[in-house]
Each structure stands twice: as structure tokens, then as C-alpha cells.
Amino acid sequence: MKSLEDLKRLQQQVKAKTSLRHAAGTQVIVGMGTCGIAAGAREVMSAILNEIAKRNLEDVTVRQTGCIGMCEKEVLVDVVRVGQPRITYGRVTAENVPTIVAEHVVNGRIVEELVVAKIEE
Amino acid sequence: MRELSLHILDLVQNAVEAEATKVMLEVVEDLSADTLIIRVRDNGRGMEKQECSKVVDPFHTSRTTRRIGLGLPLIQMSTQRCEGHLKIESEMGKGTLIEALYRHSHWDRPPLGNMADTLQTILVGNPMLDFHYLHRVDERSFSIAASEINEILGGVPLTQPEILQWLQGYLKENLAILYGGVENEES
């Protein structure tokens, strides 16, 4: 049974081993408008968080955003790596998530067949 | 949508898009009164009376206001199918209260579904949001507050692998206890 006491202990451990980080990590953004949610955005979000936990990725931040007007291409997932264009993946399913995380988030290789937009920052 | 927990995620996202910094979410299941009530109270920008009456109309609203499209009409339809209702109270500059009521035992009532994933998404996806959740099932209750978690974390992000695993387990276990230790219907 997990408790807030466990969280306090974990916080101590994590803090001890990760000092001075969390600055320039990779950002993953999931579209969570009504359109995104109806298309399965929550499942995609959970799959991303599961991958982060499973692969022990310590410098990834995950955010959600609202409808950005490409409703027919939901679920939309953006990956932003420092110094690289912002990549938008479309029609993402939970099954695509391990590939996107392994290829792009971890190794920096864009998964071309799922890309719907590229924005130069 | 097939789960109430997906509608709930949608309602919280509406609040965030209305620039709310504080969201109080309540799910109250009263089995003797046979009701299930979802309440979302935010301190966002609020709406005028006129806009308030229009938000459940899918054709007028999606054009005039960007914050609400099909979300609220879909929720209203699902409450009406279950001898319930959707109530919206809002004040400009103060915030909005949305209340959805369902007959708990109604044949057409969607299952609450995966509330743990909805809460995890809200907490991780909106780290700056002062989010508070209270869930009652008769005399049992579970609550979680982002402020309490953040205070313990002291700057360590929720997306740290160990912390994420804790959060998933904590939510699942505590929600299961609400239903006497068994997993929720269809989760």
C-alpha cells in the first residue's frame, strides 16, 4: 500500500541522485482537447508515462495542451528536443508510443512516417 | 465518450483553457440516493449569462467561444439519458461551476472508468495547477491535492520515473479501496 510517507522517502532518494538537472530536457506535449480525448489522448499519455518509468528517463517533461485545430489528426503528440525543430506526430496510438520514445525521445531519430508537421523554433 | 472519467478530463481541460489556476474536482457517489455527481469548480475567467446558456448548444458555441465545443453538449446528453442533468453556474472574472448528475443505477450511465489515469494525466500535464480531488462513495472517501504532493516533492518533477510509479500505484490503490478493495467496474 503506497502512502505519502513513501513519497517523502522517494523524494529524498531522487533528490540525492539528481542534483542540478531538469534544465534542458526533452519536452513531450499531448493534445487534450475534446477531440484529442475522444481519439484516445489519455491512453497515449499513460503509455508515454509508462515508457518514462520503464526506461528510467530522467530528463523528459510531459505537458498537455488543448485543441490546436488539427482535430482530424488527433491524437497529436509534439516532441521538442533542444536545438531541433518541434515535431508534431499525428494519429498517434498507444502502440506507437514505444517507437516514438525509443527512436526520437531517447535517440533523437525522427519517426518520419508518423510526422504531420515540423516547426523550426 | 464511453467513460465518465474521459468527460472529467475534458471538463478540467476546459477550466485550464479558461485560465484557471485552481480547480476543485468532486465525484460523489451516493448509493442510497442512487446518484452520481461530478462537480468541477474553477477560478477561471468565467462566462456571461448569455454565453452560459449557449455552451450546451454544439452549433452556436464552437464558433463564438473557442473554449467550448462539443464537450459540454456531450456531457449534457449523457446526463439526460440517465434521469440526470447538467448545471452550469458562472460569473465573469470569478470562475465556473459545472455539475453533472446521473442516476447511479441507470442502465445507460457510462462507467466511471479509469479515474486513476485521468488524475495522473491532470497532475502530470498541468504541474502549475492548484488541483484538488475529492471522491466519495457513501461513507468512504479519497482526496488528493497537488499542493500537498508538490510540497513533499520540493521541486522534484512528478515525471521522475520513481515518482511516476509511486503516483500510479497510490491512485490505483486508493481508488480501489473506495469500492471495498475491488477494482472499479470496467477499469
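The values are calculated or read from the model by the stated rules, or taken from the named source; none is laboratory data. These numbers were taken from a predicted model, which means no experiment stands behind them. When we count neighbours, we look across all protein chains shown, and the Cβ atoms used for this are built from the backbone with ideal geometry, even at glycine. When the accessible area is computed, the model is the full protein with side chains, heavy atoms only, and any ligands, DNA or RNA have been set aside. Shrake-Rupley method; radii C 1.70, N 1.55, O 1.52, S 1.80 Å.
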Q.
Rounded, prolate or oblate for the protein assembly as shown? Axes are the square roots of the Cα gyration tensor eigenvalues, ordered a ≥ b ≥ c, and the cut-off for rounded is a/c under 1.5.
A. oblate
Q. Can you give the relative contact order of the range B:52-174 as a percent, counting alpha carbon pairs under 8 Å and 6+ residues apart?
A. 15
Q) With the other protein chains left in place, how much accessible area per residue, in square angstrom, belongs to the range B:1-155 at a 1.4 angstrom probe? A) 46
Q | Interface residues in the range A:25-46 - accessible area drops by 50 Å² or more relative to the isolated chain, probe 1.4 Å | A | A:Thr34, A:Ile37, A:Arg42
(Q) For peptide A:53-61, what's the mean number of Cβ atoms from other chains within 10 Å of each residue's Cβ? (A) 4
(Q) Which of rounded, prolate or oblate describes chain B when judged by the alpha-carbon gyration tensor and an a/c cut-off of 1.5? (A) oblate
Q) So which residues in the range B:7-24 end up with at least 10 square angstrom less accessible surface once the other protein chains are there, compared with the chain by itself, probe 1.4 angstrom? A) B:Leu9, B:Asp10, B:Gln13, B:Glu17
Q) Other chains' Cβ within 10 Å of B:147-159 residues: what's the mean? A) 5
Q) Counting partner chain Cβ atoms within 10 Å of every residue's Cβ in B:115-125, what's the average? A) 5
(Q) Tell me the total accessible area that A and B bury against each other, 1.4 angstrom probe, in square angstrom rounded to 100. (A) 3500
Q.
I'd like the accessible area for B:Arg2: 1.4 Å probe, protein heavy atoms, all chains in place, Å² to the nearest 10.
A. 140
Q | Highest-first arrangement of B:9-19, A:68-78, A:109-119, where packing means the average Cβ count within 10 Å | A | B:9-19, A:68-78, A:109-119
Q) When only C-alpha pairs under 8 Å and at least 6 residues apart count, what is the relative contact order of the range B:1-51, in percent? A) 35
(Q) Counting only protein heavy atoms and a 1.4 Å probe, tell me what percentage of the range B:85-187's accessible area is made up of carbon and sulfur. (A) 50
Q. Can you pull the percent of the range A:33-121's accessible area that's carbon plus sulfur, 1.4 Å probe, other chains left in place?
A. 48
